[in-house]
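The values are calculated or read from the model by the stated rules, or taken from the named source; none is laboratory data. In this text the structure is predicted, and so the values were computed from the model without any measurement. Glycine also receives a Cβ, built like all others from the backbone with ideal geometry; neighbour counts cover every protein chain displayed.
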Amino acid sequence: MNSETNNNCIHCGADCGKIPVTWNDKKFCCNGCKTVYQLLNENKLYNYYQLEESPGIKVETTEFGNKYAFLDNEEVKQKLISFSESGISKVKFFIPVIHCASCIWLLENLKTLHKGIKYSFVNFTRKEVDVTFDESVISLRQVVELLSSIHYIPDLSQNPSEKNQEKHSYKKLLYKIGVAGFVFINVMTYSLPAYFNGEPLSDKLQHLFNILSYILVIPVAFYSGSDYYISAFKNLLKKNISIDLPIALGIIVLFLVSSYEVFFTGGPGYCDSLSGLIFFLLVGKWYQGKTYEALSFERNYKSYFPIAVTKINKQIEESILLEKIEVGDELIIRNKELIPADSELADGEGQIDYSFVTGESSPVVKKSGDFIYAGGRQMGGIIKVKVKKEVNQSHLTKLWNQDKTYKKPSDSLKSLSDKISRYFTLIVIAIAISGFAYWMFKGETRTAIFVFTAVLIVACPCALALSIPFTFGNTMRIFGKSGLYIKNTDVIEKLSHITAIVFDKTGTLTQPNKNKIEFTGSKLSKSETDAVFSLAKQSTHPLSNAVANSLEHAEYIKPEHFVEVAGRGIFGKVNKLEIKIGSEEYVSSRAPAEKVESSMVYVSINNKIAGYFTISNLYRNGIDSVLKSLQKQFKLFLISGDNNAEAQNLSEYFEGDKMHFNQKPGDKAELIQQLQQQGETILMTGDGLNDAGALMQSDVALTVADKVYHFAPASDAVMEAGQFQRLAKFISFTKTSLNIVKLSFTISFFYNIIGIAFAITGNLSPIVAAILMPISSVSVVAFATFATRLAGRVKL
């Protein structure tokens with residue numbers, strides 16, 4: 001906070017003037033700042049003021065009146081609200097003024113400013129905020145008024161999707177390039193006599209050309225170069241120093257010196273250099289944008305989650321990829337499976353958990369004919385849904401990325417990049433001033449001005465800042481094409497730092513659909529077999545799938561009720577029979593046998609043990625080479641909810657004290673926590689069903705997915721089961737990506753050192769510096785991109 005001995009606003013840092021607004025002996029520049037300060041203090045959000053020296057944003061006292069009354073209109077609300085269920089709604093706003101860490105912090109803590117806000121998430125690069133709110137407590141209009149009251153005024157002129165479509169529009173930039181190019185050509189024409197060292201023009205005519213050049217360069221300086229001034233000024237107001245500051249300084253110095261020479265000495269000034277500088281800066285900006293667009297690693301819907309869902313085709317179940325789902329298709333959704341597209345419930349009772357979308361965990365009851373939003377998760381028995389809208393995998397990707405439970409990323413590289421960028425501009429300005437002073441002392445005024453401008457222009461930390469997103473972004477794309485789907489770029493750096501890997505056995509090391517199954521016990525009647533089959537069919541657990549597959553000739557009967565107890569088993573009522581399926585302890589209420597040879601699934605009918613299924617595991621292809629390769633690099637652990645039947649088979653890969661069987665979901669999470677306390681960085685691999693707690697506790701959570709649509713919010717990555725044998729290569733490649741980033745850093749440093757060295761000696765003109773600056777950024781980004789692609793081809 002600012003010291004109370006000065007006259008600065010304690011919230012935003014602005015001068016309070018002669019009559020400051022006061023509260024509790026603290027000074028504020030306006031009632032708006034006082035209001036926000038009171039809000040933050042009432043809600044104990046003191047940490048807000050520790051983010052930056054002056055984190056506050058100046059707030060103007062505004063009586064909104066009926067300004068936002070149109071948001072009470074149902075038709076308008078439907079256009080803005082993307083999700084609304086049981087009074088919980090979700091909306092996305094584009095807020096142009098989002099600019100720093102404190103903006104993100106405050107916007108993601110809106111729930112503390114109003115109890116009606118359930119959750120808010122900021123996408124900093126897009127300047128968007130997703131808000132989930134309770135309409136019974138706060139309306140859409142009031143949400144907008146709340147944001148406006150703290151000076152984060154949403155742009156409601158068009159929705160974010162329309163903005164995204166227009167973000168690649170370069171119309172304004174092209175206009176500015178056109179003006180700068182026209183002026184540059186004409187000014188160069190007027191300057192030709194001077195360049196050829198001749199004097200064919202009289203002094204009066206030359207002076208006229210100088211005046212004309214100056215007049216022409218005014219719109220270039222004030223219109224074409226305006227973005228640099230505005231950006232630099234806004235950042236200075238917030239006490240930030242951006243890369244646009246030295247560029248703006250260079251342009252201003254050239255313009256002021258040109259003004260002085262033209263009006264007071266009759267000289268030509270630097271109009272040619274100034275117009276050329278801005279022209280090439282803008283062309284470079286356009287070129288950068290187009291290049292980055294071409295190298296973009298944005299994920300489209302076809303590049304993500306090519307995992308199958310179950311479709312009913314002429315009464316026959318078949319697995320199809322998400323991208324092949326069409327409007328009108330009927331899909332089967334089992335317990336804990338995600339709804340992949342906006343649909344209508346066709347059969348069964350839906351218990352839809354929208355926590356993935358809203359953060360609210362209470363299931364919403366749906367009946368036949370009710371509408372279900374994509375992203376909801378069925379938490380009961382099998383239901384059939386009819387697809388009403390095309391599947392949108394990018395929508396599911398956004399939900400995954402915005403899941404508030406994801407672990408905070410390791411930010412070592414980002415922190416390094418941010419620290420360097422923070423001081424880079426100050427160092428460059430200091431070098432430019434030193435060079436200017438040196439050449440002025442030697443009496444070389446023109447050289448001093450050129451040195452000052454060239455140093456400011458040629459030095460650029462952009463390549464440094466872009467190395468990480470482009471290298472890791474391309475790594476994500478390479479992984480996606482190879483069957484590994486990463487949540488975000490932070491996961492890649494974390495993967496490169498892991499020291500231990502914890503494997504779940506069932507469905508991860510073993511193949512869930514390829515087992516040898518035998519039933520031991522009294523022979524099941526037709527009705528009992530149908531009941532066991534129908535109940536097992538409800539669950540997505542690998543052992544339940546194995547039981548259901550072994551009874552494939554049984555007839556499906558819809559259960560009267562169904563409950564799944566995570567990590568233990570399932571029970572329900574089918575055809576008037578009470579069925580219980582699961583572990584021995586769960587079904588029989590007795591401790592499991594100490595020595596067993598296979599996984600066993602017990603069955604009780606009407607509270608009497610009917611027998612058990614013996615399931616011999618078949619391990620995934622390549623498990624031997626994968627685990628032996630990983631053994632050399634990491635500590636390997638095994639945790640499983642099953643018995644120790646496979647301990648002997650797995651002892652070759654896991655030491656005795658590193659295998660843990662009969663583990664409940666809570667035990668798995670506790671074990672990972674213990675390993676973390678010992679200093680290990682953990683990668684947890686599981687099937688995403690009963691491992692949610694362990695996945696959330698781990699540093700990196702990897703879900704191995706078979707044909708069933710196992711899309712786990714707790715996971716940081718999803719790997720197609722068929723790519724399991726490449727796990728060691730995937731982890732190794734993250735280290736390669738990290739090395740490429742470090743090499744990109746090195747190249748950027750060398751470029752800046754060499755460029756500044758040439759500029760400070762006076763051997764680099766501002767125009768050439770303006771050409772080199774974007775080329776340097778593009779070259780480093782291109783190196784990072786293509787080096788990653790080449791490494792991907794070689795290693796994967």
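Are any residues in region 251-272 at pLDDT 85 or above and of a type outside the set (A, V, I, L, M, F, W, C), and if so, which ones?
Within region 251-272, Ser258, Ser259, Tyr260 meet the criteria.
Would you point out which residue out of Phe749, Phe745, Phe730 is touching a strand residue (DSSP E or B) at 6+ places or on another chain (Cβ under 7 Å) and either in contact (Cβ under 8 Å) with a residue 40 or more places away in the chain or under 30 Å from Ala454 (Cα atoms) (or both)?
Phe730
Against the condition of a type in the set (Gly, Ala, Ser) and surrounded by fewer than 16 Cβ atoms within 10 Å (Cβ to Cβ), how does Ser651 come out, does it pass?
Here the answer is yes, as Ser651 does meet what is asked.
List every residue pair whose Cβ atoms sit under 6 Å apart, with the two residues 6 or more apart in sequence or on different chains, where the first one lies in region 79-100 and is at positive phi and the second, anywhere, is among the aliphatic types (A, V, I, L, M).
Note: pairs meeting the criteria are Ser86/Val364.
What residue, among those in region 488-529 that are in a strand (DSSP E or B) and over 29 Å from the mean Cα position of the chain (by Cα), is farthest from Lys576 (Cα to Cα)?
Thr510
Pick from region 603-657 the residues that are among the polar types (S, T, N, Q) and assigned to a helix (DSSP H, G or I): which of them is nearest to Val532 (Cα to Cα)?
By that ranking, first place goes to Asn644.
Based on what the data block shows, is Val455 crowded, with 24+ Cβ neighbours inside 10 Å and within 30 Å of Leu277 (Cα to Cα)?
yes
Check off (1) in contact with a strand residue (DSSP E or B) (Cβ under 9 Å, 6 or more places away or on another chain); (2) closer than 30 Å to Met659 by Cβ for Gly480 and give me the number that stays unchecked.
It fails just one condition, (2).
Against the conditions (1) surrounded by fewer than 21 Cβ atoms within 10 Å (Cβ to Cβ); (2) outside the structural domain of Leu577 (by TED's automatic domain parsing), where does Thr520 fall short? Just the number, please.
Exception for Thr520: condition (2).
Go through region 744-781 and give me each residue that's modelled with pLDDT of 85 or more, surrounded by fewer than 16 Cβ atoms within 10 Å (Cβ to Cβ) and either in contact with a Phe, Trp or Tyr (Cβ under 7 Å, 6 or more places away or on another chain) or not polar (S, T, N, Q) (or both).
Within region 744-781, Phe750, Ile753, Ile754, Ala757 meet the criteria.
How many residues are buried (at least 21 other Cβ atoms within 10 Å of the Cβ) and not in a helix (DSSP H, G or I) if we restrict to region 469-486?
The qualifying residues number 3.
Criterion first (under 29 Å from Ile241 (Cα atoms) and either buried (at least 23 other Cβ atoms within 10 Å of the Cβ) or aliphatic (A, V, I, L, M) (or both)) does Phe441 satisfy it?
Taking the combined requirement at face value, the residue does not satisfy it.
Tally up the residues in region 469-505 that are small (Gly, Ala, Ser) and under 19 Å from Ala694 (Cβ atoms), please.
Residues in region 469-505 being small (Gly, Ala, Ser) and under 19 Å from Ala694 (Cβ atoms): 1 in total.
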